[in-house]
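The values are calculated or read from the model by the stated rules, or taken from the named source; none is laboratory data. Nothing here was measured: the structure is a model prediction, and the numbers come from that model. Because the Cβ atoms are built from the backbone with ideal geometry, glycine has one as well, and the counts that use them run over all protein chains shown. Side chains are part of the model used for accessible areas, which takes the heavy atoms of the whole protein and leaves out ligands, DNA and RNA. Shrake-Rupley method; radii C 1.70, N 1.55, O 1.52, S 1.80 Å.
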Amino acid sequence: MIFKLYKIVTVIIISVGVRFAFANDFSPAQNDTLNYIHVIFRWPQINSDISYTLNVSNTIDSSEWNINTSINAFVLEEYLDWGNTYEWYVCYESIYGNDCFESQYFTINHLPNYYPNQNQLKLIDESKYSSGLNIIALNEIFSTIVVDRYGEPVWFFDLENFEDGSFYAFGLLPNGNIIGNSEIPSPSGYGYEIDLDGQILFQSIVNGHHHEFIKSSKNTYWGMRNDAVYEINHCENPVNEYVFWEGDKFLEYDSSGSIIWEWSTLDHLDHTDYNPMFCNGVNPIVVDWTHANSVLFDQNTNSVYISLRNISRIINIDYDTQEINWQIGQAELMNDSINVSMDFDFSGQHSLRLLENGHILFFDNHSYLEPRNSKCIEFSFDSLSNEFRSEWEYLLPENLFSHVRGECERMENGNTMISTGYEGQLLEVSADKELVWNLELKHDDVLLNIIRNERIPSLYPLEFNVFFKNYINPILRSINNNIELTVSNLGWISDEFFIEVYNRNGIVALGSIFVEKNSSNIVEINIDHHDVDKNYSILVYPSLAIENVKRYNIKLENIQKDRITIYSIFPNPFNNEVNIQYFLPIRSFLKINIYNLIGQRIETYYEGFKPSGTNMFKWKNNYHPSGIYFINLFTDEFSNSGKLIYIK
């Protein structure tokens, strides 16, 4: 399929801070130091008729690992371990010869001393566990880790090289980066987007962010900060006539860090709706009024969801008008009557999650109601009848009650993962409420307080590779101005990939191809080029991670379909055997003859039908002396010849 130009793609990619990965990049690079043991290996493509062998060896114990692959990338999720240095190199075999790249070396750090050392797998049903890794932000270690289903470490955030001294992750983004915030000064800090190596790619201009910092489907950042006003104290028997009512302001940032949307509880809610439990706090002149802990943007309804823990309120806000569409909560903490119907109650809730079916899933701490049993609630909303209905609930046992924190996450197989906050337990339950997995997180005999968690299939959601047909580095041959490339999606998110082709004057062609997760697809791009030096750059990137651009600098050679073309003669000069690759425009009766320097035919190598397209054959010179020879390919309509140099 030929793709036409899509001008909007260029506008998008120029407007974003792009990180280019060049085609000749090696990863891990020489002397890299990593904080993870699941590693993506990349190396340059040599040509299009090739096979690779990836070799990895431990420089300490001399153990080895290798695998054969047809593309120039591989995700290794076994063999590697903490505190080791590894050598890696790639060898390749092709019709143009065999060779190996120079060895690269990288080191995987030792686990830090704050890494949980007593994780215990208490239960697992392997057949029902939703496959993947677990990102876990932990309060006592001020950091974030990734563990597998057995609690074994896979990744850690390195606090030693992070000025804030704490980082709590809230999720892995499609671009492979991690979103989260610090707590400096506690309990609030800066919002961040970082890569797996801890490099900061985005930092909010101001601190004060608390509880949650996310990135939306619009590629904007969302967070919340405290927002207070000094007004009359509505509490019963107040100590002070006036106090600071501490609410929350919700903020949306663009990629440059500029605020593009904000909404404050001070402007839209009544202070007389308060929880008397927080009238007499640590600071007598401050009432911890709303205490927000969750925000999310729904692009389908163009609305914003927020969770306010201390007044047990969930609110949906129209993004454009900033008016409240609806709000539900603990009736005794809502003085204004709300015309809604609810078949469930909740209080002190955390962690709103929008499901694919449009329902909301959240963790009901049930902190201010009896009985004190925490649970997960999934609810739906009927806008016509103003009816809120519980669709699914899971009640935690009494010993796992969590006054603060907790999270529920719905997974692809329908299971739900639950974190219990202070009790240090991660649970997975099936749709019919069967417990299928339980991991306990403990360090130095102390159960850890789980701030956030997320299940991910792997560390690489949209890792991809591009493989060019008719390519001999750095020459890419086009046929009638068409180039063909294969995009391999090595990740777990299906996506559309965009292709841009540039010469020195600007963009000359654009295309796109949809590639399912863990699969490949082929795209053909038409380049009607007239560039004298024929030097081009080809950019490829996924729509859900436009920052992750791979760039390939190539020299384009065009082949006309109305003639026989000899692509390559390799090696040349040759000893005993030579490889000849050619292009045949249509299925034809082909003759291949070999001639000596004085024009005598010394051999008819082939005579018969050949299919159209690219073909290859080998000629062995077993009986003739060293010297110059000519090979001639001809049909009734086309012919072409090439020069061979034979050296014994």
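How would you order 537-546, 478-487 from highest to lowest mean count of nearby Cβ atoms within 10 Å?
Ranked by mean Cβ neighbours within 10 Å, highest first: 537-546, 478-487.
Provide the gained length on full extension for the span residue 380 to residue 623, in nm with one decimal, where the gain is 0.36 nm per separating residue minus the Cα-Cα distance.
79.2 nm
Over the residues of segment 100-237, compute the C-alpha Rg and express it relative to 2.2 N^0.38 Å.
Rg over 2.2 N^0.38 Å, computed on Cα atoms: 1.32.
Please give the length that would be gained between residue 85 and residue 606 if that part of the chain were fully extended, namely 0.36 nm times their separation in residues minus their C-alpha to C-alpha distance (nm, one decimal).
Stretched out fully, the residue 85 to residue 606 stretch lengthens by 182.3 nm.
Work out how much length residue 597 to residue 637 would gain on full extension: take 0.36 nm times their residue separation and subtract the Cα-Cα distance, in nm to one decimal.
Extra length available between residue 597 and residue 637 comes to 11.9 nm.
Along each of the three principal axes of the Cα atoms of segment 400-473, give the extent in whole Å, ordering the values from largest to smallest.
62, 35, 19
Over 20 Å intervals from 0, what percent of Cα-Cα pairs in the chain sits in each interval?
In order of increasing distance, the bins hold 16, 41, 26, 13, 4, 0 percent.
Kirkwood Rh and Cα-based Rg: tell me the resulting Rg over Rh for segment 220-332, rounded to two decimals.
In segment 220-332, Rg relative to Rh is 1.00.
Just the number, please: carbon plus sulfur as a percent of the accessible area of segment 297-414, 1.4 Å probe, no ligands or DNA/RNA counted.
Whole-percent figure for carbon plus sulfur exposure: 42.
What accessible area per residue comes out for segment 535-629, rounded to a whole number of Å², with a 1.4 Å probe?
Spelled out: the 1.4 Å probe surface of segment 535-629, per residue, equals 48 Å².
Counting only protein heavy atoms and using a 1.4 Å probe, what share of the accessible area of segment 455-562 belongs to carbon plus sulfur, as a whole percent?
48 percent
Where in segment 482-510 does the amide nitrogen come within less than 18 Å of the point 7 Å from the Cα of residue 535, taken along Cα to Cβ?
Counting backbone N atoms under 18 Å from the label point, the list is 501-508.
Would you mind computing, in nm to one decimal, how far apart the modelled labels at residue 528 and residue 217 are, each placed 7 Å from Cα along Cα→Cβ?
Taking the simple label geometry, residue 528 and residue 217 are separated by 3.7 nm.
Could you look at segment 161-282 and say what percent of its accessible area is carbon and sulfur, using a 1.4 Å probe and all protein chains?
47 percent
Spin-label point model (7 Å from Cα, Cβ direction): what's the residue 272 to residue 456 distance in nm?
So the two model labels end up 4.8 nm from each other.
Considering only DSSP beta bridges with both partners in the chain, what is the antiparallel share in %, to the nearest 5?
In the chain, approximately 90 percent of DSSP beta bridges are antiparallel ones.
Hey, rough spin-label estimate for residue 242 and residue 432, points 7 angstrom out along Cα→Cβ, what's it come to in nanometres?
So the two model labels end up 6.3 nm from each other.
In Å², what does the accessible area per residue of segment 148-303 work out to with a 1.4 Å probe?
For segment 148-303, the per-residue accessible area is 43 Å².
Would you mind working out the magnitude of the charge dipole of the chain relative to its Cα centre, with +1 at each Lys and Arg C-beta and -1 at each Asp and Glu C-beta, to the nearest 20 Debye?
Rounded to the nearest 20 debye, it is 3960 debye.
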